[in-house]
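The values are calculated or read from the model by the stated rules, or taken from the named source; none is laboratory data. Nothing here was measured: the structure is a model prediction, and the numbers come from that model. As a convention, Cβ positions derive from the backbone with ideal geometry for all residues, glycine included, and neighbour counts pool all protein chains shown.
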Amino acid sequence: ITGHFSWEKYLKETGSQPAPPHCFRQSCSPPSNDYKIGMKLEAQDPRNTTSTCIASVVGLTGARLRLRLDGSDNKNDFWRLVDSSEIQPIGTCEKSGDMLQPPLGFRLNASSWPMFLLKTLNGAEMAPAKSFHKEPPSPTQNNFEIGMKLEAVDRKNPHFICPATIGEVRGSEILVTFDGWRGAFDYWCRYDSRDIFPVGWCSLTGDNLQPPGTKVAIPKSPAPAAGIASGILRGPKTLLPGVPGRRRRKPGRKKGQLPKALVHQ
Ligand code: MLZ
C-alpha cells in the first residue's frame, strides 16, 4: 500500500525544494497511456541498442509500459515511457529499410527467427500509431542544483519510481541519490535522462511513487577527522534533515568517548 507518502509534508519536514519542471526532459502535461496488455510494438533491444525488435506490452504503470521482447524470456522486462523515442509502431523498421532482429538471448535457434517473426506477428494486436507520443525536447542546459528533490526510476528495480535528491552536479551530469537508502541505489545520469521526473509526476500519471527508505545516511567521504567528529557530535545526518537521528553507541564505548576509528593514533 502506497499513497501514504506526501511530498507536501516531506518537503516541509526536510526543508527542501523540488527541482523546477523546466529542468526535466518530460512533458509538463504527461502523455496519456492508452495501451492495452498484449499489444505489440517495435522497441530497441535494451541489451543491444542497434537492434529493433518486436515487444509485447506485459504491464502498464502510469505513463510507462512494461515491455517484453518476443522470443526472449520473462527475466529481462524493461520499462519505457509512452513518449519514448525507443518505441515505435510495427512497420516503422521495415519502412526505413531495416530488418527486425531477434532479441539478445533469443530462445530458439537463430535459423528459426524468420518463421518465429511471422508467427508472432500473425493475428497480433498492434499498438495504434496514435498511442505513440512525440518525445519532449531536451532542456538547453543543466539547470539542476544540489539538494533539489525529484522522482527517479530506481535503475536496480526499474519498476520503482522513488523520491530522490540531486547529490552533485558536474557539467551535464547529475548524481541522483535516493532518499533513505544510504547511497545503495544512487547513480549518475545526464540532466536530460528520461528516468527522472518532477515532484508530482507519479500522482499526475497514476504511477506508484515508493516512499523514501528509512536508512540513515552514512557520513560523506572520509574527509578531515575534525569534520567527521563534529558530524558525529551533532548526531548522524539523516536523509530527513528535519528529523534528527542518533546512532547507538557500540557496546564497550563509554558515553562521550569517540569511536576508535576517529581517535588519532
Ligand atoms: N527490495 C529492495 C527494494 C529497494 C528499493 C529501493 N529504491 C531506491 C530492498 O529493500 O532492498
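Per the listing Leu104, Leu175, Leu118, the residue uniquely hydrophobic (A, V, I, L, M, F, W, C), touching a strand residue (DSSP E or B) at 6+ places or on another chain (Cβ under 9 Å), closer than 26 Å to Met39 by Cα and surrounded by fewer than 19 Cβ atoms within 10 Å (Cβ to Cβ) is Leu104.
Let me confirm something: among Ile1, Ile37, which residue is aliphatic (A, V, I, L, M) and either touching an Asp or Glu at 6+ places or on another chain (Cβ under 7 Å) or at pLDDT below 95 (or both)? Break it down stepwise before answering.
Values: Ile37 fails: either touching an Asp or Glu at 6+ places or on another chain (Cβ under 7 Å) or at pLDDT below 95 (or both).
Answer to the check: Ile1.
Scan the range 128-146 for residues that are assigned to a loop (DSSP other than H, G, I, E, B), out of contact with any Lys or Arg (no Cβ under 9 Å at 6 or more places or on another chain) and surrounded by fewer than 16 Cβ atoms within 10 Å (Cβ to Cβ) and the total you get is 7. Of all residues in the range 1-27, those satisfying the criterion of being closer than 22 Å to Ser85 by Cβ and surrounded by 12 or more Cβ atoms within 10 Å (Cβ to Cβ) are Pro21, Cys23, Phe24, Arg25, Gln26, Ser27.
When Asp207, Asp192 are checked against the criterion of being within 16 Å of the ligand (Cβ to nearest atom), outside any strand (DSSP E or B), among the acidic types (Asp, Glu) and over 10 Å from the mean Cα position of the chain (by Cα), a single residue qualifies: Asp207.
Let's see how each residue does on (1) at pLDDT 95 or above; (2) surrounded by fewer than 16 Cβ atoms within 10 Å (Cβ to Cβ); (3) of a type in the set (D, E, K, R); (4) not in a loop (DSSP other than H, G, I, E, B):
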residue: Ser29; (1), (2), (3), (4): yes, yes, no, no
residue: Ala43; (1), (2), (3), (4): yes, no, no, yes
residue: Thr52; (1), (2), (3), (4): yes, no, no, yes
residue: Ala55; (1), (2), (3), (4): yes, no, no, yes
residue: Leu65; (1), (2), (3), (4): yes, no, no, yes
residue: Arg80; (1), (2), (3), (4): yes, no, yes, yes
residue: Ile90; (1), (2), (3), (4): yes, no, no, no
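Cβ separations smaller than 6 Å between residues 6+ apart or across chains give the following pairs from the range 165-185 residues that are at negative phi to residues that are among the polar types (S, T, N, Q) and within 10 Å of the ligand (Cβ to nearest atom): Thr165/Thr177; Gly167/Thr177. Give me the residue from the range 147-160 that is without any contact (Cβ under 8 Å) to a residue 60 or more places away in the chain and hydrophobic (A, V, I, L, M, F, W, C) and, out of that set, nearest to the ligand (Cβ to nearest atom). Only one residue fits best here, namely Phe160.
For the range 147-169, check the following and say yes or no: at least one residue is closer than 21 Å to Glu86 by Cβ, in a loop (DSSP other than H, G, I, E, B) and of a type in the set (A, V, I, L, M, F, W, C). Within the range 147-169, one or more residues are closer than 21 Å to Glu86 by Cβ, in a loop (DSSP other than H, G, I, E, B) and of a type in the set (A, V, I, L, M, F, W, C).
Identify all residues within the range 200-224 that are touching a Leu at 6+ places or on another chain (Cβ under 6 Å) and either at pLDDT below 95 or surrounded by fewer than 12 Cβ atoms within 10 Å (Cβ to Cβ) (or both); write none if there are none. Break it down into steps so the answer makes sense when it comes.
First, the residues of the range 200-224 that are touching a Leu at 6+ places or on another chain (Cβ under 6 Å): 202, 217.
Within the range 200-224, Ala217 is the sole residue that qualifies.
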